[in-house]
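The structure is given below, and queries will be raised subsequently.
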Amino acid sequence: MKITQFFTITIMSVMTVSTINAQQKLNPEIEKKIDVLMSKMTLEEKVGQMNQYNGFWDVTGPAPVGGTSEQKYENIKKGLVGSMLTVRGVKEVKAVQKIAVEQTRLGIPLIIGFDVIHGYKTLSPIPLAEAASWDLKAIEKSAETAASEAAASGINWTFGPMMDVSKDARWGRVMEGAGEDSYLGSKVAVARVKGFQGDNTFKSPLRIAATAKHFAAYGFVESALEYNASEVSNNTLFNQVLPPFKAAVDTGLKTVMTSFNTINGIPASGDKYLLRDVLKNKWGFNGFVISDWASIREMIPWGFSKDEKAAAISAVEAGTDMDMEGGIYVPYLIDLVKQGKVKQEFVDDAVRRILRVKYELGLFDNPYRFLDEKREKEVIGSKANREAVLDMAKKSIVLLKNDTNLLPLKKSGQKIVLLGYLAESKNSPLGSWRIAADSNTAVSVLEGMQQYKGNSLNYVKGLELTTVEPTFLTEVQYNTTDKSGFEAAKNAAKDADVVVMVLGEHGFSTGEARSRTNLDLPGLQQEFLEEIYKVNPNIVLVLNNGRPLTISWAAEKIPTIVEAWQLGTETGNAVAQVLYGDYNPSGKLPMSFPRNIGQVPISYNHYSTGRFTNKDNNVFWSHYSDVEKTPLYPFGYGLSYTTFEYSNLKINKKTFSKGGKVEVSVDLKNTGKVTGKEVAQLYIHDEFASVAKPVKELKGFEMVELKAGETKTITFTLTDAELGFYNNQNEFVVEPGSFKVMVGGNSDATLSDKFEVN
Ligand code: BGC
């Protein structure tokens, strides 16, 4: 009798708090199993499912009340834990899973989460670098590779991909995303979700649940200051911030993580409008929402919740289903429900969602399905995985300048001098998120170049980058005083045919809590570069960095610049293959490079303003008095060892009707001497709409490989999805009017034509 009553309440409550939307389909069999299981669960066990503990590694923030390892073990036994994070390795995961499965009353398995951000042990390039490839297949493969290693290590859920759009290179976390553009960001987000989750059936034990993070507007934190407030209009929110999340949900995404920031005054973990109304109800997201690390608790210092109880109430009502290491739900929710201060239906909805993902992952069929020591040995670090990340690394490199054709290097007979700490570093290229990887395991640029034996290669460090080798938990201390290596470097460089200088940021200079107010080459590197330039200007500058840098001096003086980011385990091989021309670079910038810090935040898709757009009229136009208005290198920019020419832009009809499609074609010719790949990009400008529209918006891109002299016709298709936008009532609309179409090899695309939408 009691059980039936409970069952009825559960079903009814789900109906009231979450309108099931067709976009994410439910499996009726799983839903029935959840009904049965939930009917057996006590309130304590339900709230327990909503609790996630960090493993044995207190990392990204304070661990306020998680307790000692012993207390955590005790709570797992009591059924008060639904998930663990950062426990890794088959042996370790098996140990905690066994407790949950064999020692708790109902044996509900844990879901095991981990930050698999750009690889697990075999590291891919940082996510921003991967986005520079614009190669969605390669990006999907990279996520698949990462998923396979994590899954083989016992993990079944990653806290990725991060899909925070950001135009502010000061923000350290730009390295984790896909850059400044929402359209590219959406495509990359979908590729990554597919790479992690596969076909969403999880039949393969090498696929894991993905997390879209951070929901939302974390990339717009004021002043790019970490953990800060975001004040974003609905226009920005719906047209720029949310599209990648929506695209990920439509792909079958399993979980979403809230962000640390407030959004227009409301902390993300307590944002009922975004979590419950938009994500769960409007979009029909049927997976679960996890808080970011202790972010439910952080609603107290934000001044939003007066105490822990109030934080618990706001978060659960808003729709934050699981509390990451905040210690808020277990101590308070049980009593709050008993006292009638929190409706049982909110807890039931959260638990149903968490159990659903566990069922979908197959954890109830076999809680140990990710725990196979043989598989762990075979998959992690395999040759195939090394090849996949090498492929991704080559594709992520962007050639910014090659004025005197110093590149590609000749295979023999050249005297090459290699300079800079970053050339020998096996650590920095691993990037920032690499918890499972061993330090110093990247192939360095030096090692990569040493494999080309036809030239004489002389490596001289010339400059220490930092005073101590940084870690994930320390602030990077750049060397600002010691120039003792300059002389040796100058002596070596002066007679070289080519000087390759590897400069930039340490891998730990970007990522969480790594905002900067200065984007110049840090430490003494600018001076080092200028000193070497004085003795030999034939410099190939290889940049290693996790964000756009301000390199105006170099862009003017240095003949050759290669953007090589932090490319992960295979860094040196990828860089060497590009420098020697065994791989023709094809990457394009996913973020604009500013001329100076004052231009930041900067993006190609700014507004026209009401003023004239050039300086010929008079001084009162929208510009800076002291620097060009344009970026140093625009979004979408990147060169090749060959050249391309766009011509013959055609639009197949002059009038588009809602629900239809319009095709835009262009001829692309390889006008150089070698085979190369080009990312052709299509931008639109909606010339008149109910809200002001950006001067340009990316709405299509295609990567094409062309042999020397070859021409191909590329066709882009525009539909409602590309031509519509969210109006100021937050409705997606396609409005009549004139649209300009621009096609080219970067966001400065000039080939253009127009059509009408009626
Ligand atoms: C980060 C998240 C991450 C979590 C768990 C937080 O500090 O913001 O992106 O997933 O820690 O490590």
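Ser484 versus Ala513, label points 7 Å from Cα toward the beta carbon: distance in nm?
Label at Ser484, label at Ala513, 3.2 nm between them.
Got a sec to turn the phi values of region 669-682 into Karplus ³J(HN,Hα) couplings, 6.51 cos²θ - 1.76 cosθ + 1.60 with θ = phi - 60°, whole Hz, x for Gly and Pro?
10, 7, 9, x, 10, 10, 5, x, 10, 10, 9, 7, 10, 10
Sorted by mean Cβ packing within 10 Å, highest first, what order do the peptides 385-391, 690-696, 492-498 take?
With the highest mean Cβ count within 10 Å placed first, the list reads 385-391, 492-498, 690-696.
Here's something else I'd like to know. May I ask for the net charge around Glu140, where only other residues with Cβ less than 15 Å from the Cβ of Glu140 are counted and Lys, Arg are +1 while Asp, Glu are -1?
Around Glu140, the charge tally is +2.
Which one of Thr642, Gly676, Tyr459 has its Cα pushed farthest toward the positive end of the charge dipole of the chain, where Lys and Arg give +1 and Asp and Glu give -1 at the Cβ?
Checking the options against the dipole of the chain, the answer is Gly676.
Return the distance in nm (one decimal) between the two label points of a simple spin-label model at Tyr273 and Lys78, each offset 7 Å from Cα along Cα→Cβ.
3.8
On to the next question. Using only the alpha-carbon atoms, how far is helix 2-17 inclined from the longest principal axis of the chain? Give it as 0 to 90 degrees, nearest 10.
That works out to roughly 40 degrees.
OK, next. Under a point spin-label approximation (7 Å from Cα along Cα-to-Cβ), what is the Lys754-His623 distance to one decimal in nm?
Taking the simple label geometry, Lys754 and His623 are separated by 2.5 nm.
Can you tell me the 0 to 90 degree angle between the C-alpha axis of helix 344-360 and the longest principal axis of the chain, rounded to 10?
The angle comes out near 60 degrees.
Given a Förster distance of 25 Å, report the FRET efficiency between Glu702 and Asn264 from their Cβ-Cβ distance, rounded to the nearest 0.05.
Working: r = 37 Å, r/R0 = 1.48.
About 0.10, to the nearest 0.05.
I'd like to know which of Tyr218, Ala100, Pro470 lies farthest towards the positive end of the charge dipole of the chain, counting +1 on Cβ of Lys and Arg and -1 on Cβ of Asp and Glu.
Checking the options against the dipole of the chain, the answer is Ala100.
Tell me, rounded to the nearest percent, the portion of alpha carbon pairs in the chain spaced more than 42 Å apart.
Of the Cα pairs, 30 percent sit more than 42 Å apart.
Using a 1.4 Å probe over the heavy atoms of the protein chains, calculate the carbon and sulfur portion of the accessible area of the chain as a whole percent.
So the carbon and sulfur contribution to the accessible surface is 51 percent.
Sticking with this one: Can you tell me what percent of all Cα-Cα pairs in region 141-220 are more than 17 Å apart?
Tail of the P(r) past 17 Å holds 45 percent of the pairs.
Which trypsin sites (Lys or Arg not before Pro) from region 93-173 combine a DSSP loop assignment with at most 16 other Cβ atoms within 10 Å?
Arg105
For region 644-757, which semi-axes, largest first and in whole Å, follow from the square roots of 5 times the eigenvalues of its Cα gyration tensor? Working shown, then result.
Numbers: eigenvalues 171, 34, 24 Å².
Listed largest to smallest, the semi-axes of region 644-757 are 29, 13, 11 Å.
Of the listed pairs Lys98/Lys213; Lys653/Lys707; Lys141/Lys383, which have alpha-carbon separations greater than 21 Å here?
Check vs 21 Å cut-off fails for Lys98/Lys213; Lys653/Lys707.
Quick check on packing: order 312-325, 740-753 by the mean number of other C-beta atoms within 10 Å, highest mean leading. Don't jump to the answer; show the numbers that get you there.
Details: 312-325: 27.1, 740-753: 18.4.
Going by the mean number of other Cβ atoms within 10 Å, highest first, we get 312-325, 740-753.
Over region 61-137, how many percent of alpha carbon pairs lie in each 5 Å bin up to the one with the longest distance?
Calculated P(r), rounded to whole percents: 3, 13, 19, 18, 12, 10, 10, 7, 6, 2.
Can you give the longest run of the chain that contains no chymotrypsin sites (Phe, Trp or Tyr not before Pro) sitting in a DSSP loop with at most 13 other Cβ atoms inside 10 Å?
Longest site-free region, per DSSP loop and neighbour criteria: 58-606.
While we're looking at this one, here's another question. Percent antiparallel among DSSP beta bridges with both residues in the chain, to the nearest 5?
For the chain, the DSSP antiparallel bridge percentage is about 55.
Working from the pairwise distances between different alpha carbons, so that the mean of 1/r is found and then inverted, what is region 389-599's Kirkwood radius in Å?
With all distinct Cα pairs of region 389-599 included, I get 17.0 Å.
Quick check on my link table: of Lys72/Lys94; Lys137/Lys374; Lys32/Lys77; Lys282/Lys693; Lys121/Lys187; Lys654/Lys696, which ones sit more than 18 Å apart, alpha carbon to alpha carbon?
Cα-Cα > 18 Å for Lys137/Lys374; Lys32/Lys77; Lys282/Lys693; Lys121/Lys187; Lys654/Lys696; rest within.
Using Cα pairs closer than 8 Å and at least 6 residues apart in sequence, work out the relative contact order for the chain, in percent.
13
Sort all Cα-Cα distances of region 390-467 into consecutive 5 angstrom bins from zero, then give the percent of pairs in each bin up to the one containing the longest distance.
P(r) over region 390-467, rounded to whole percents: 3, 12, 17, 22, 24, 13, 6, 2, 0.
Give a quick list of trypsin sites (Lys or Arg not before Pro) in region 568-635 that DSSP marks as loop, anything other than H, G, I, E or B, with at most 12 other Cβ atoms within 10 Å.
Those that pass, being in a loop and sparsely packed, are Arg611, Lys615.
Over 10 Å intervals from 0, what percent of Cα-Cα pairs in region 356-435 sits in each interval?
In order of increasing distance, the bins hold 12, 22, 30, 17, 10, 8, 1 percent.
Right, another one. If you average the C-alpha positions of region 251-297 and of region 528-558 separately, how far apart do those two centres end up, in angstrom?
42
Quick one: Karplus J couplings for region 632-641, per residue in order, coefficients 6.51, -1.76, 1.60, θ = phi - 60°, nearest Hz, x for Gly and Pro?
Along region 632-641, the couplings run 5, 10, x, 3, x, 7, x, 9, 9, 7 Hz.
Working out 0.36 nm times the residue gap between Ser690 and Ala384, then minus their Cα-Cα distance, what length gain in nm do you get to one decimal?
105.0 nm
Helix 308-318 versus the longest principal axis of the chain: what angle, 0 to 90°, nearest 10, using Cα atoms?
The angle comes out near 80 degrees.
Continuing with the same structure: Give me the net charge of Arg276's neighbourhood, meaning all other residues with Cβ under 10 Å from the Cβ of Arg276; Lys, Arg count +1, Asp, Glu -1. It would help to have the intermediate numbers written out before the result.
Working: positive: Lys272, Lys280, Lys282; negative: Asp271, Asp277, Glu317, Asp349.
Here the count lands on -1.
Please report how far the C-alpha centroid of region 158-215 lies from that of region 431-451, rounded to the nearest whole angstrom.
Measuring centre to centre over Cα atoms gives 23 Å.
Could you report the chain's accessible area per residue, 1.4 Å probe, as an integer in Å²?
36
The values are calculated or read from the model by the stated rules, or taken from the named source; none is laboratory data. Bear in mind that the values here come from a model prediction, so they are computed numbers and not experimental data. All Cβ positions, glycine included, derive from the backbone under ideal geometry; neighbour counts span all protein chains shown. These area figures cover heavy atoms from the full protein model, side chains too; ligands, DNA and RNA do not enter into them. Shrake-Rupley method; radii C 1.70, N 1.55, O 1.52, S 1.80 Å.
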